[in-house]
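Before any comments, here is the structure.
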Amino acid sequence: PGAVYETMSTKLPILALILALFTTTSRAADAPELWVYSGVNFQVNASVDKLIALLERAKKAGYNAAVITDYKFGRFEDRPEWYYANLKRTREAAERIGIELIPCVMPIGYSGSILQNDPNLAAGLPRTDCAFIVRDGKATPADTANLLPGGGFESAQRNKPTDWDWIDGFGKSSSLDTSVRHGGESSLHMTNFRAENEHGNGRVVRKLELKPWHSYRLSLWVKTKDVENISEFRAAILAGGGRSLNHASFNTQRTQDWTQHVIIFNSLEFSSANLYLGIWGGTKGDIWIDDVSLTVAGGVNLLRREGCPLKVTNKDGSVAYEEGRDFEPWVDPKLGRVPYAGEFSDDHAAPPIVITKNSRIKEGDELRVSYYHTAIVHDGQVSCALIADDLFKHLKRQVENVHKYFAPKRYFMQHDEFRGGGFDAEEQATGKTSGQLMAENARRCVKVIREVNPKAGVVVWSDMFDPHHNARDSYYLVANTLKDSWEGLDASVGIVNWNGGKKAQSLGFFAQRGHEQFTAGYYDTGDIAGHTKGWMNAAANVKGVKGYMYTTWRQNYTGLEKFAQTVRGN
């Protein structure tokens, strides 16, 4: 017995150590992953210094990985030497620190970075049979009239400005102002927004008569003073069924002198729409509007690719004219180049169609012109075409370069808020819905990644594949339903879920389809613990939720440790 006791007493500490190690390992395996999201400018040394410091801090706080993105990931070529050096030192720093880098690729919603390579790969809206007329050897839109008489706000009736259908609070929160004006004798002044209604809306309204599948240029001059929520100043152009024809922002400043703002919108299939111009939910400040005009637009942001064909005929359509023979190649030299590569603006002159010397087109001829143009959403967002082959050439080169410089274990696909597409000729010819086209795009993107790195994991934002979020009918300027987009993701693709409004439904949907999930929490909220616990509670009984990402768009990492502590229950 003594010998046995001695043997067991010797072994007990060893058994305890093994049990402790097993328990620790088991808990570590069960612990959720922690990611941090960081936008980086690898061309700026100081930005990379901050990233490396963030990686060190995140590792100490218990983070496993950093999701990194740079606009220049859309085009690695032609960068200065130090850009590539910064990529190398970031990878080396991450390996030294012991934190995984997950680079972002495939910008299918916010597509400017990949459109640096070829802006003609933007999603297109069709412009059909627009009347052009030839003057001085150049063809431009035949109709040059201002379709908004009364846009100068020179006179008023009893309860509204002349030629407008309706206005919020005329005589109380809105009036004609003869002392502050851009042109003519007066302007429209809006102030004391809540004097008329509790919602603080200050809008002037006019019904527009439109031609289907035409594009229109809305221009106005605006002056502001101390407007608190100026981001809510916009033009809402609402057609049948509540379809909004415009989603572009004016980028008006809180206080600005007279400034011209321009947007271009497509009428789609509609022959009329209501224009609401002004502010929603105004609180305080002053807005003056003057010299509003609406004209037929020319070829601003004209797209030229196989999926967006150009057609120029005579007035009755019996003669099709040839590019290069009857007119010079027609392009918009500022397409995707304002203010820099990959960025789009509506506010530039439309390029005319220049008639060749020996053309069959004669001076004074009226033409019918059909083409495609981009749609700008919010602050310059343009989405790419979904199935154009040339797009995937650029996407593959992007993944090859990411693999070259980072050799990541996982890639993050940026299918996110795809707000316009499905209209171009190539996409329409497939007979597929926008959701089916999105599914095809996702399958091809995953295939590209696996061709480059067969062992790599792939994750993607949730929203464009979530029926409880953006994978639905009537989403922005998408041609038709986005239902069934999720069929493009096999179960091996991880979902980064950010549907905070419907957490339980969204998490349950993807779990049922067999996807691992990571939630994108924080979003610059003041209540870090409450926001994070909301996701944790929703995920508590959902199979396959593997981690949580600290997601900031403002580079605000003050809550980095608190987020980690909340997730880990410390």
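The values are calculated or read from the model by the stated rules, or taken from the named source; none is laboratory data. What you see is a predicted model; the values in this text were computed from it and never measured. Cβ atoms come from the backbone with ideal geometry, glycine included; neighbour counts cover every protein chain shown. Heads up: the accessible areas ignore ligands, DNA and RNA and are worked out on the full protein's heavy atoms, side chains in. Shrake-Rupley method; radii C 1.70, N 1.55, O 1.52, S 1.80 Å.
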Does Ser219 qualify as being crowded, with 19+ Cβ neighbours inside 10 Å and within 30 Å of Glu323 (Cβ to Cβ)? yes
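For the stretch 211-258, how many residues are assigned to a loop (DSSP other than H, G, I, E, B) and more than 13 Å from Asp286 (Cα to Cα)?
Filtering the stretch 211-258 down to residues assigned to a loop (DSSP other than H, G, I, E, B) leaves 211-214, 226-229, 239, 243, 245-246, 249-255.
From what is left, the residues that are more than 13 Å from Asp286 (Cα to Cα) are 211-214, 239, 243, 245-246, 249-251.
Looking only at that region, the number is 11.
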Check the stretch 83-92 and report whether any residue there is in contact (Cβ under 8 Å) with a residue 24 or more places away in the chain, among the aromatic types (Phe, Trp, Tyr) and either touching a Ser or Thr at 6+ places or on another chain (Cβ under 6 Å) or under 13 Å from Asn401 (Cβ atoms) (or both). yes
Could you list, ordered by first residue, the pairs with Cβ atoms under 6 Å in which the first is in the stretch 188-200 and under 10 Å from Asp177 (Cβ atoms) and the second is polar (S, T, N, Q), at least 6 apart or interchain? His189/Ser175; Met190/Ser174
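For every residue, the table says whether it meets (1) in contact with a strand residue (DSSP E or B) (Cβ under 8 Å, 6 or more places away or on another chain); (2) within 30 Å of Arg79 (Cβ to Cβ).
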site	(1), (2)
Leu101	yes, yes
Val105	yes, yes
Ile108	yes, yes
Ile133	yes, no
Gly137	yes, no
Asn159	yes, no
Asp165	yes, no
Gly171	no, no
Leu208	yes, no
Restricting to the stretch 314-350, name every residue that is under 22 Å from the mean Cα position of the chain (by Cα) and not charged (D, E, K, R). Leu335, Gly336, Val338, Pro339, Tyr340, Ala341, Gly342, Phe344, Ser345, His348
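Kindly provide the set of residues from the stretch 517-527 that are surrounded by fewer than 20 Cβ atoms within 10 Å (Cβ to Cβ) and of a type outside the set (Phe, Trp, Tyr), ordered by number.
Hits for the stretch 517-527 are Asp524, Thr525, Gly526, Asp527.
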Of everything in the stretch 462-512, what is assigned to a helix (DSSP H, G or I), over 26 Å from His531 (Cβ atoms) and open to solvent by less than 10 Å² (accessible area, probe 1.4 Å)? Give them in sequence order. Ser485, Gly488
List the pairs whose first member sits in the stretch 233-251 and is more than 18 Å from Ser215 (Cα to Cα), whose second member is buried (at least 16 other Cβ atoms within 10 Å of the Cβ), and whose Cβ atoms are under 6 Å apart, counting only residues at least 6 apart or on separate chains? Phe233/Thr252; Phe233/Ile279
Filter the stretch 127-177 for residues that are assigned to a strand (DSSP E or B), of a type in the set (A, V, I, L, M) and open to solvent by less than 40 Å² (accessible area, probe 1.4 Å); the one that is nearest to Gly278 (Cα to Cα) is Ile167
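If we only count helices (runs of 4 or more DSSP H) wholly inside the stretch 374-461, which ones have 1 or more residues that are free of Cβ contacts under 8 Å to residues at least 60 places away in the same chain and open to solvent by less than 10 Å² (accessible area, probe 1.4 Å)? Walk me through it before giving the result.
Values: elements: 389-406, 425-429, 434-452.
By residue number, 434-452.
Any idea which of Asp168, Asp163, Asp118, Asp143 is among the charged types (D, E, K, R) and closer than 30 Å to Asp389 by Cβ?
Asp118
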Would you call Phe270 in a strand (DSSP E or B), within 25 Å of the chain's Cα centre (by Cα) and modelled with pLDDT of 95 or more? no
Residues (open to solvent by 10 Å² or more (accessible area, probe 1.4 Å), out of contact with any helix residue (DSSP H, G or I) (no Cβ under 8 Å at 6 or more places or on another chain) and either of a type in the set (A, V, I, L, M, F, W, C) or without any contact (Cβ under 8 Å) to a residue 24 or more places away in the chain (or both)) located in the stretch 27-49: Arg27, Ala28, Ala29, Asp30, Val44, Ala46, Ser47, Asp49
Can you list residue pairs whose Cβ atoms sit under 6 Å apart, with the first residue in the stretch 503-522 being farther than 19 Å from Met413 by Cα and the second being surrounded by 24 or more Cβ atoms within 10 Å (Cβ to Cβ)? Count only pairs 6 or more apart in sequence or on different chains. Tyr522/Tyr550; Tyr522/Phe563
